[in-house]
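Notes for the one structure printed next.
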Amino acid sequence: MNKSAATKLDNGITREDGRYALPSTSIINLPKGYHPSLAEEYMNPMHLAYFRNKLRDWRDQLVEESRQTMDNLREEVRDVGDEAERATRETENSLELRTRDRYRKLISKIDKALRRIEEGSYGFCEETDEEIGIDRLDARPIATLSLDAQERREHLQKQMGD
């Protein structure tokens, strides 16, 4: 197969250079309790559907928690009695907003991972193009680096004092 040749499969799924791309419109019904297996072809359409579902569920959960945080902050009574209570409330609000900002950044990473699933690059290291691995992705579905590449990056950051 020519390296630049792409094969169109069922349900809008494409395969190029031995990698599958799963458009967001493609529907794959996974068996109940399905979990990717090392015995299966790496990042086949079922693997991609599994991780797409996992990422979407995680994203929905974060969006809902952010929405609840904003609702709580809006509903909160602003006229608080003494200074100590006001300081406590401001500290709590600050923590809530920091958490919300962390969620916003995480949602952005989830969206990027979902795009990689659509493009056919999900599950492969951005630096080395090696497989990231099912176990690593199951633990951290937004991972973009293999374990070795991540360790090298962290080692370099330590040396640079970041």
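Structure notes:
- Calculated from the structure at hand, Rg/Rh (Cα atoms, Kirkwood Rh) is found among (i) 0.92; (ii) 0.96; (iii) 1.12 as (iii).
- Relative contact order [Cα under 8 Å, 6+ residues apart], the chain, whole percent: 21
- Mean-position separation - Cα centroids, the range 39-70 and the range 130-155, in angstrom: 17
- Full-extension gain in nm, A84 to N44, via 0.36 nm per residue minus C-alpha separation: 8.7 nm
- Mean Cβ count within 10 Å, highest first, over the residues of peptides 12-20, 110-118: 110-118, 12-20
- Among S26, S146, S37, residue whose mean-square fluctuation peaks in a GNM of the chain (springs only between Cα atoms under 10 Å): S37
- For the chain, built as a Gaussian network whose Cα springs stay under 10 Å, the top-fluctuating residue of N44, N53, N93: N93
- Averaged over its residues, the chain has an accessible area of 67 Å² per residue, based on protein heavy atoms and a 1.4 Å probe.
- Label-to-label distance, L30 versus D60, with points set 7 angstrom from Cα along the beta-carbon direction: 1.3 nm.
The values are calculated or read from the model by the stated rules, or taken from the named source; none is laboratory data. As the structure is a computational prediction, the values presented were derived from the model and not from experiment. Ideal geometry is used to build each Cβ from the backbone, glycine not excepted, and the neighbour counts take in all protein chains shown. For the accessible areas, the whole protein counts, side chains as well, though only heavy atoms, and no ligand, DNA or RNA atoms are used. Shrake-Rupley method; radii C 1.70, N 1.55, O 1.52, S 1.80 Å.
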